[in-house]
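Asker: I have a structure here, written as structure tokens, and I will follow up with some questions on it.
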Amino acid sequence: MERFKRNIISCIACVILLLFSNITVSSSTQSPKINALDSIHISLLTCSPHPEVYSLYGHTAIRYQDTSKGQDYVINYGVFDFSDKWFIPMFTFGIAEYSMGIIPYYYFEYEYRRYGSSITQQEINLTSEEKKTLAEALAENYRLENRFYRYNCFYKNCSTMARDMIVNSIDGNVVYPESVGNLSFRDLIHKCNEGYPWARLGNDILLGFGADLNTTTEERQFLPGYLMNDFAKAVIEKDGETRPLVKSTEVILQSGEQMEMEGLPITPFMCAVIILLACILLLLYENIRHKITLWFDVVMMTVTGLAGIIIVIMFFSQHPTTSTNLMVLMLNPLPLFFIRNIYRTSKENRRCIWWKIWMVMSVLMILSSVFLQDVDTSMSLIAGVILIRAVLHLRYERKLNLER
């Protein structure tokens, strides 16, 4: 009987304990959502450049961590399909579509560890409601019909898209530090591709004088490094109160050994100097023979004419500043239409209007490079070569006319 009483008491105690435990668990699960959001951490990730051409400017992404659920994802706005056969022409015309992608953080880190790049994490100082707003915006943005966007290298890329998603979720105004120095888009790009002369030349040829205008603080944030630095100093203002935009900063992946990319052994400047020297030597040879050779001019006309096709195409591109490119004065398809004509007039010892056109274009190109558009030194030397050849032909035609 005594044992039976003890068993009854033990059972009652167990039931009470279980009930108490259920109440405790229930009250925990009924806690407000705002408290649950305290386990969520949202950060801006900035990756240092690596030698791949598309990564010379670095990369930006958003990291979403929910420690209560063991979730750790990276939201990346730099996803594109290079294998698409239409990607290159669409990118050329500025109508390429990039998309938002979400991958586990360890995949993201592995990719940049492989390239030897560093990753800097800035945890954003968001309130619980702002975290909720951003999380909902990211979920909505990831819907299939919303995840694609029209890429723009200066105004809508992986860096600016991540910035806008974060800033638009904040209840208040984000105030950045004032811009220091007068920097254009071209200046900013030059800082990134300083050690890659051929990439720098390609950018300089395609960008017009609009790229030489001074940029604002927000415009400079198309580069991940500038966005990271501006975020570090930015504050959120609301109702006369301020709080820092970034709660904490940490380098979560140190730089490693960079993968070496083999480049051309010769620089654009060296090529231009070689062409100039060849022009001078040819000039001496022609003075000795008292006769002009056309093969050098045909090669120059063919190369500048073919390159000019790209420049003219870029005038119809939606990429910023490419439709204001004064390089068209030197690089345009016009020489291709005169190659046959210069051969015919040369054989008949007649004048050819092309040499005056070529001289005027080269002079205008040199003047515009001084006063309007920043031009790579190598292209200025090429313009000088064209001017020398045009003047030489005009002098020769004048001499023939006097002899008659």
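The values are calculated or read from the model by the stated rules, or taken from the named source; none is laboratory data. Quick caveat: nothing in here was measured; it's all calculated off a predicted structure. Note that we place each Cβ from the backbone using ideal geometry, even for glycine, and neighbour counts take in every protein chain shown. Keep in mind that these areas ignore ligands, DNA and RNA; they rest on the heavy atoms of the full protein, side chains included. Shrake-Rupley method; radii C 1.70, N 1.55, O 1.52, S 1.80 Å.
Asker: Quick one: if the Förster radius is 30 Å, what FRET efficiency do E194 and R150 give, using the C-beta to C-beta distance and rounding to 0.05? Can you show the working numbers first?
Answerer: Values: r = 29 Å, r/R0 = 0.98.
Approximately 0.55, to the nearest 0.05.
Asker: Sticking with this one: If each DSSP helix of 4+ residues adds -39,500 (n - 2.57) and the sum is divided by the residues in the chain, what number results at 222 nm, nearest 500 deg cm²/dmol? Display every interim value, and only then the final one.
Answerer: Details: 15 runs with 201 residues, N = 404.
It comes out at -16000 deg cm²/dmol, rounded to the nearest 500.
Asker: Helix 295-314 against the longest principal axis of the chain: what's the angle in degrees, Cα atoms only, rounded to the nearest 10?
Answerer: Helix 295-314 sits at roughly 30 degrees to that axis.
Asker: Counting only protein heavy atoms, what percent of the accessible surface of region 283-404 is carbon or sulfur at a 1.4 Å probe?
Answerer: Within region 283-404, the accessible surface is 67 percent carbon and sulfur.
Asker: Still on this model: Can you tell me the 0 to 90 degree angle between the C-alpha axis of helix 268-289 and the longest principal axis of the chain, rounded to 10?
Answerer: With both axes taken from Cα atoms, the answer is about 10 degrees.
Asker: Shifting gears a bit: Report, in degrees rounded to the nearest 10, the 0 to 90 angle that the Cα long axis of helix 105-115 makes with the longest principal axis of the chain.
Answerer: Computed tilt is about 30 degrees.
Asker: Also, quick follow-up: Find how much the distance from H290 to T217 grows on full extension, using 0.36 nm per residue of separation minus their present alpha carbon separation; answer in nm with one decimal.
Answerer: 20.3 nm
Asker: Can you give the FRET efficiency to the nearest 0.05 for V174 and F269, using r as the Cβ-Cβ distance and R₀ = 41 Å?
Answerer: E(calc), rounded to 0.05, equals 0.45.
Asker: Any idea how far the Cα center of region 325-381 sits from the one of region 170-220, in Å?
Answerer: Between the Cα centre of region 325-381 and that of region 170-220, the gap is 30 Å.
Asker: Ignoring any ligand, DNA or RNA, what whole percent of the accessible area of region 47-104 comes from carbon and sulfur when the probe is 1.4 angstrom?
Answerer: 62 percent
Asker: Next question, about the same structure. What accessible area per residue comes out for the chain, rounded to a whole number of Å², with a 1.4 Å probe? Could you put the intermediate results ahead of the total?
Answerer: Values: 23010 Å² over 404 residues.
That works out to 57 Å² per residue.
Asker: Further, regarding this structure: Give K132/K233; K131/K238; K356/K399; K291/K399 a once-over and call out the pairs whose C-alpha atoms are over 19 Å from each other.
Answerer: K132/K233
Asker: Under 27 Å Cα to Cα from K85, which lysines show up? Leave out anything in the same chain fewer than 8 places away.
Answerer: K156
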